[in-house]
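S.K.: One structure coming up, written as C-alpha cells, with questions to follow.
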Amino acid sequence: MTLSRLNGRHAFRGAILSVGSDPAADPGAIRYDPDGLLVVDDGIIVARGSYADLAPRFGAVPVERLHGLIVPGFVDAHIHYPQMDSIAAYGEQLLDWLDRHIFPAEMAFADPVHAQTVAGLFCDELLRNGTTSALVFATVHAQSVDALFEAAMARTMRIVGGKVLMDLGPPGLCDTVETARDETEALIAKWRGRGRLGYAITPRFALTSSDAQLAMAGDMLARHDHVLLHTHLSENTRECAAVTARFSQARDYLDAYDRFGLVGARSVFAHGIHLSSRECARLADAGAGIAVCPSSNLFLGSGMFDFAHAAEHGVRLGLGSDIGAGTTFSLLHTAGLAYQVGQASGYRLDPFRALWLATAGSAGLLHIADRVGALGEGQEADFVVLDPSATPVLARRTAGANLFDTLFALQVLGDDRTVSRTYVMGRCAWDRDSARFDDKESQ
Ligand SMILES: [Zn+2]
C-alpha cells in the first residue's frame, strides 16, 4: 500500500503553487511554497506551509515526496461528456456542426450502456489531464446524467452536471416542457447530497428551448437554491442573429435569458464572445460567470474572447475546454491558448491569472471555491503534480527558469503528458509513470 492510499493523516512534500483569487485584483493571491508541505487528513487539507515550518508539528506524519510543481486540481467550467468521441469533426461552424456531427452522436445516449461506457472513459480522461472538477453537459436523456454521476462517484470526483433541456431540438433529441421539468426534478431529488456531486439546470441554448421551457427552467432555478444554471451565450454570429430574430422583444442575447429569470449569481454561460457593454455590465451586476473556451472558439471559428472588455466591467470568469468543439481536455494547454487569444487583441494574460482561471476562478463559477481550487487549509485535497521536464523541449525551456517562466512554458507547451499525477481527496487517482488509474472504490 502506498502512502497515497492510506486513510487518515499523511503529508506531501514538494513545490506547491496556488492562486486563490484573481491576481489582477490581488497580487497577494499567489501563494508559493518552493519546499512546501501539504498535510492531509481523510482527504482534507489540515495544514499547508513551508516544510521547515511544519515538519516539527507533523513529525510523526508519513511524508510522500513529490517531484515537479504541485498545483490545485483543474476545474473545467464547461464541457460536454457525450461529445468526447466527436472531437476533431471537420468542416463546419457552430449550427451546422451541431446538426451534422453532434446531434447524431448525442442520440446514441438513449442507450444507457453506451452512456455508462462513455461516462467512465470521460472521467478517466479528465483525471489523466489533471482535471478533478467540472461543470458538465449530459444529453437530453435522464439516464445520461445517471451514468455521469455514477462514474464521478466511483472516482470520488467533484462533478456538477445536468440533463439538457431542448424541446425545440431535432427529432430523437427533443423533450417537452413537462418531461424536462419532471426528469430534472427527479434527478435533483435522486442525486442531491450524494458524493461530491452538484446539479445544474441545463438548457442547451436559447434557440433549442421554447419560451415556456425557458420560463420553466427559471422557475426551477428559483425554487432550488443549491443548483446552478448552465448554458451557452453569444458564441457564433449566425447564432446571435437567430437569437435576435426570435427574441425580438429582448434587448440582446443575454436579455433573452434574463427575461426568464436565468441570469443570476448561480448562472454559468459558456463563451460570451460577442457581448455588448450592456451585457457585460449586466453579467457583472448579477454575479453571473462566463466560461472562457478558447480552443473551442478557435476550432469552430466562433471568434476570440475579449478579456479586456470583460475586465473593464468586472465579469466573473473561469476556463472551459468545451469538448467536443474544444480540441483538448487539458486546461493547462487551454490556458496557453487563452494567452494567445488575448494576444490577438493586445491583452496580456499572465500565467498566474491563467492558473487562477483554470482552478479557483472556475471553482468560483461552480460555487465550490470553498471546497477546492486553492489548496488552502480546510479544502479538499484535489491536486496535480506537473512535470516541467515532460518533453525534451519543456525540459530545455524550464531548466533554470524562474516560477513565472516555468508556469508560462507549462501552459504553452504542456498538455496531458505534463501531468505526472492527479490526486483526488488526497488519493492518487492517476499516475502517468505507471500509466494506471487508482482502483475505483465502487462501480
Ligand atoms: Zn458547449
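S.K.: Restricting to the stretch 169-185, name every residue that is within 27 Å of the chain's Cα centre (by Cα), of a type outside the set (Asp, Glu) and within 13 Å of residue 212 (Cβ to Cβ).
M.R.: 180, 181
S.K.: The conditions are (1) within 16 Å of the ligand (Cβ to nearest atom); (2) at negative phi; (3) among the hydrophobic types (A, V, I, L, M, F, W, C), and residue 88 fails exactly one of them. Which is it?
M.R.: So residue 88 meets the others, but not (2).
S.K.: In addition: For residues that are more than 20 Å from residue 140 (Cα to Cα) and assigned to a helix (DSSP H, G or I), tally how many sit in the stretch 206-241.
M.R.: Total meeting the criteria: 7.
S.K.: From the list 83, 93, which one is modelled with pLDDT of 95 or more, within 16 Å of the ligand (Cβ to nearest atom) and touching a Gly at 6+ places or on another chain (Cβ under 6 Å)? Spell out how you get there, then give the answer.
M.R.: Details: 93 fails: modelled with pLDDT of 95 or more.
Unique residue meeting the criteria: 83.
S.K.: Let me ask another. Which residue is nearest to the ligand (Cβ to nearest atom), if the candidates are limited to the stretch 272-324 and must be on the phi > 0 side of the Ramachandran plot and free of Cβ contacts under 8 Å to residues at least 60 places away in the same chain? Talk me through it step by step, then tell me what you get.
M.R.: Applying the first criterion (on the phi > 0 side of the Ramachandran plot) to the stretch 272-324 yields 272, 287, 301, 303, 314, 322.
If we keep only those that are free of Cβ contacts under 8 Å to residues at least 60 places away in the same chain as well, we get 272, 287, 314.
Working: 272: 12, 287: 21, 314: 24 Å.
For the stretch 272-324, the residue satisfying everything is 272.
S.K.: While we're on this one: Residue 178 passes all but one of (1) part of a helix (DSSP H, G or I); (2) in contact (Cβ under 8 Å) with a residue 24 or more places away in the chain; which number fails?
M.R.: With respect to (1) part of a helix (DSSP H, G or I); (2) in contact (Cβ under 8 Å) with a residue 24 or more places away in the chain, residue 178 is out only on (2).
S.K.: State whether one or more residues within the stretch 162-175 are in contact (Cβ under 8 Å) with a residue 40 or more places away in the chain, closer than 30 Å to residue 431 by Cα and more than 16 Å from the ligand (Cβ to nearest atom).
M.R.: Going residue by residue through the stretch 162-175, those that are in contact (Cβ under 8 Å) with a residue 40 or more places away in the chain are 162, 164-170, 172-173.
From the residues that got through so far, the ones that are closer than 30 Å to residue 431 by Cα too are 162.
When the remaining residues are screened for being more than 16 Å from the ligand (Cβ to nearest atom), the result is none.
No, the stretch 162-175 has no match at all.
S.K.: Identify, from the list 89, 134, the residue that is in a loop (DSSP other than H, G, I, E, B) and hydrophobic (A, V, I, L, M, F, W, C).
M.R.: None of the other options fit; the residue is 89.
S.K.: Return the residue satisfying two criteria in turn: it lies in the stretch 325-353 and is free of Cβ contacts under 8 Å to residues at least 40 places away in the same chain and surrounded by fewer than 21 Cβ atoms within 10 Å (Cβ to Cβ), and of such residues it is nearest to the ligand (Cβ to nearest atom). Please lay out each step first, then the result.
M.R.: Taking the stretch 325-353 as the starting set, the residues that turn out to be free of Cβ contacts under 8 Å to residues at least 40 places away in the same chain are 342-343, 346, 348.
After this cut, where a residue has to be surrounded by fewer than 21 Cβ atoms within 10 Å (Cβ to Cβ) as well, the list is 343, 346, 348.
Numbers: 343: 24, 346: 27, 348: 27 Å.
Only one residue fits best here, namely 343.
S.K.: If only one of 75, 145, 46, 118 is more than 24 Å from the chain's Cα centre (by Cα) and modelled with pLDDT of 95 or more, which one is it? Break it down into steps so the answer makes sense when it comes.
M.R.: Numbers: 75 fails: more than 24 Å from the chain's Cα centre (by Cα); 145 fails: more than 24 Å from the chain's Cα centre (by Cα); 118 fails: more than 24 Å from the chain's Cα centre (by Cα).
On inspection, the qualifying residue turns out to be 46.
S.K.: Moving to a separate point now. Restricting to the stretch 186-207, what's the tally of residues that are crowded, with 17+ Cβ neighbours inside 10 Å and within 23 Å of the chain's Cα centre (by Cα)? Full working, then the answer.
M.R.: So the first thing to find is which residues in the stretch 186-207 are crowded, with 17+ Cβ neighbours inside 10 Å, and the list is 187-188, 191, 196-207.
From what's left, within 23 Å of the chain's Cα centre (by Cα): 187-188, 191, 196-206.
Result for the stretch 186-207: 14.
S.K.: Hey, among the residues in the stretch 229-260 that are more than 16 Å from the ligand (Cβ to nearest atom) and closer than 22 Å to residue 307 by Cβ, which one's surrounded by the fewest Cβ atoms within 10 Å (Cβ to Cβ)?
M.R.: 237
S.K.: Can I ask one more? What residue, among those in the stretch 261-271 that are of a type outside the set (Val, Ile, Thr) and either part of a helix (DSSP H, G or I) or surrounded by 21 or more Cβ atoms within 10 Å (Cβ to Cβ) (or both), is farthest from the ligand (Cβ to nearest atom)? Reasoning before the result, please.
M.R.: Just the residues of the stretch 261-271 that are of a type outside the set (Val, Ile, Thr), to begin with: 261-262, 264-267, 269-271.
Those still in the list that are either part of a helix (DSSP H, G or I) or surrounded by 21 or more Cβ atoms within 10 Å (Cβ to Cβ) (or both) too: 262, 266-267, 269-271.
On the way: 262: 16, 266: 18, 267: 15, 269: 10, 270: 5, 271: 8 Å.
Within the stretch 261-271, the match that is farthest from the ligand (Cβ to nearest atom) is 266.
S.K.: Residues of the stretch 298-311 being in contact with a helix residue (DSSP H, G or I) (Cβ under 7 Å, 6 or more places away or on another chain) and either of a type in the set (D, E, K, R) or within 13 Å of residue 97 (Cβ to Cβ) (or both), which ones?
M.R.: 300, 302
S.K.: For residue 44, are the conditions met, namely being within 30 Å of residue 242 (Cα to Cα) and in contact with a strand residue (DSSP E or B) (Cβ under 7 Å, 6 or more places away or on another chain)?
M.R.: Numbers: within 30 Å of residue 242 (Cα to Cα): no; in contact with a strand residue (DSSP E or B) (Cβ under 7 Å, 6 or more places away or on another chain): yes.
No: the conditions fail for residue 44.
S.K.: Scan (1) in contact with a strand residue (DSSP E or B) (Cβ under 7 Å, 6 or more places away or on another chain); (2) closer than 16 Å to residue 139 by Cα for the single condition residue 191 breaks and write down its number.
M.R.: (2)
S.K.: Name the residue, out of 136, 71, 61, that is away from the ligand (no atom under 16 Å from the Cβ), more than 30 Å from residue 402 (Cα to Cα) and not charged (D, E, K, R). Explain how you work it out, then say what you get.
M.R.: Details: 136 fails: away from the ligand (no atom under 16 Å from the Cβ); 71 fails: more than 30 Å from residue 402 (Cα to Cα).
Of 136, 71, 61, the one residue that is away from the ligand (no atom under 16 Å from the Cβ), more than 30 Å from residue 402 (Cα to Cα) and not charged (D, E, K, R) is 61.
S.K.: Which of the residues that make up the stretch 287-308 are touching a Ser or Thr at 6+ places or on another chain (Cβ under 8 Å) and either assigned to a loop (DSSP other than H, G, I, E, B) or surrounded by fewer than 17 Cβ atoms within 10 Å (Cβ to Cβ) (or both)?
M.R.: 288, 293, 302, 303, 304, 306, 308
The values are calculated or read from the model by the stated rules, or taken from the named source; none is laboratory data. Predicted, not measured: the structure shown is a model, and the values here were computed from it. Every residue, glycine among them, receives a Cβ derived from its backbone with ideal geometry; neighbour counts consider all protein chains shown.
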